[in-house]
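FYI, it's all coordinate maths here, none of it is from the lab. The structure presented is a predicted model; accordingly, all values stated were derived computationally and were not measured. Neighbour counts are summed over all protein chains in view; Cβ atoms, including those assigned to glycine, are modelled from backbone coordinates with ideal geometry.
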Amino acid sequence: MATPKCSPFPFHFITLSLLLHSIIVSSVVLVLRNHHHNNGGYHRSPMLQTNGSYCSLFIGTWVRDETFPLYQYSCPIIDPEFNCQMYGRPDTDYLKYRWQPANCQIPRFNGAQFLMRMRGKSVMFVGDSLGRNQWQSLICMISSGISASSPTQITRGDPLSIFKFLEYGVTVSFYRAPYLVDIDAVQGKRVLKLDEIRGNGNAWTGVDVLSFNTGHWWTHKGTLQGWEYMEAGGTLYQDMDRYMAMERGMRTWAKWVDSNIDTSKTRVFFQGISPTHYNPSEWNTGGTVSSTSKSCYGETMPMTGSSGFPGTFPDQMKVIEAVIGSMNKPPFLLDITLLSAMRKDAHPSIYSGDLTPEQRANPDHSADCSHWCLPGLPDTWNQLFYTALFFLH
């Protein structure tokens, strides 16, 4: 039970009826293989047919490939916090890995083909900075496949940033909504409205391809917390169990999708939780811890030979599974959690923009082990997004 705190707002005490589904995970690998196995579109395992057989896109290994990366760090859309090579990262091996599913080859990304298939249409990423990571990656991947003289236009804003490939009439946008549900200002305080989404949802209508993500901001506290109060059932709360709050917000989002999206016209994706690598003691690397640091700093190679999920399986992912599994119109789950968990080498670390010499000298406190370098891992997310968008039926 969440307890309201005295404030200028009118409060009353009620019992908040939020039932968080219990998901018992006896084997994480089994869970990952069974994400999509029961009924409905969400439960079907994302399979790509090849030579009469099938394979799961999200179970596999990382293999070295000298044809990578697909673009260079000079791509002008990349934010400083993602541009590791520009800000001094000395190694480049992390750019040379390709995701190889268990028993099939996925099609190589082709920027020109993407634009021709999407001519006159729109793509929008909705969520937090991991969505922005993927948005910038996709723009760079597309741009590398077309003439540099092909006209483009960018409009940056908050919450909406828009990039247009004018020759093709294709729009690729990012809408910042870390919680998906609305945040409103009430008497100078930010209120996270777990039951309301119309303010954000109005911006998502009419888009041809929507890709959502949420998760990390639900657990932020202190200066990183994005609200002063939560509101549920008409009552304001200073705090509550964060995973219960996330589920309530996710169910509001799910109802909006089921009620407002015509899936015959709009493709909907949901990105799995992007893992962090702040605690090397959690990394399963065959019984040894390869890092001498307390973060991803100095890591240069993916994990190999893991017999299970490397690290701690994100609790936010259990909430996402429960909510999406109950939807009438479930989105395609871009299940990047396991394959990303293996990439402790792919974070910006201390090469995330203009850090001071003091910050760079203290990576245990300043290394970014949450976002990802560009070029880098989000390119694989988009390779799988491309595969699911055009090659899965």
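Computed over the stretch 28-391, the Cα gyration tensor eigenvalues convert (square root of 5λ each) into semi-axes of 28, 26, 23 Å, ordered from largest to smallest. Just to confirm my numbers, what's the Cα centroid distance between the stretch 101-150 and the stretch 311-379 in Å? That distance is 19 Å. Amide H contacts under 5 Å for LEU236: HIS12, restricted to partners 5 or more places along the chain or on a different chain, H placed in the peptide plane at 1.01 Å from N.
Each peptide in 274-283, 169-178, 84-93, 132-141 was scored by the mean count of other Cβ atoms within 10 Å over its residues; highest first, the order is 132-141, 169-178, 274-283, 84-93.
Full extension of the chain segment joining ARG64 with GLN105 gains 13.3 nm, where the gain is 0.36 nm per residue of separation less the Cα-Cα distance.
Extending 7 Å from Cα along the Cβ direction at GLN113 and again at ASP241 yields two label points whose distance is 4.6 nm. Put simply, when 62-68, 235-241, 297-303 are sorted by average Cβ atoms within 10 angstrom per residue, most first, you get 297-303, 235-241, 62-68. Overall, the anisotropy analysis places the stretch 135-247 in the prolate class: the square-rooted eigenvalues a ≥ b ≥ c of its C-alpha gyration tensor yield a/c not less than 1.5, with a/b exceeding b/c. If R0 equals 30 Å, the separation of the Cβ atoms of ASN202 and ALA322 corresponds to a calculated FRET efficiency of about 0.65. Relative contact order of the stretch 28-391, taken over Cα pairs closer than 8 Å and 6 or more residues apart, is 22 percent.
Sorting the segments 265-272, 156-163 by their residues' average number of neighbouring beta-carbon atoms within 10 angstrom, most packed first, yields 265-272, 156-163. Under the combined filter of DSSP loop state and at most 14 neighbouring Cβ atoms within 10 Å, the stretch 142-231 retains these GluC sites (Glu not before Pro): GLU167. Between ASP91 and SER147, the contour length at 0.36 nm per residue exceeds the alpha carbon distance by 17.2 nm. If the chain linking THR356 and LYS121 were pulled fully straight, counting 0.36 nm for each residue of separation and taking away their Cα-Cα distance, it would gain 80.4 nm.
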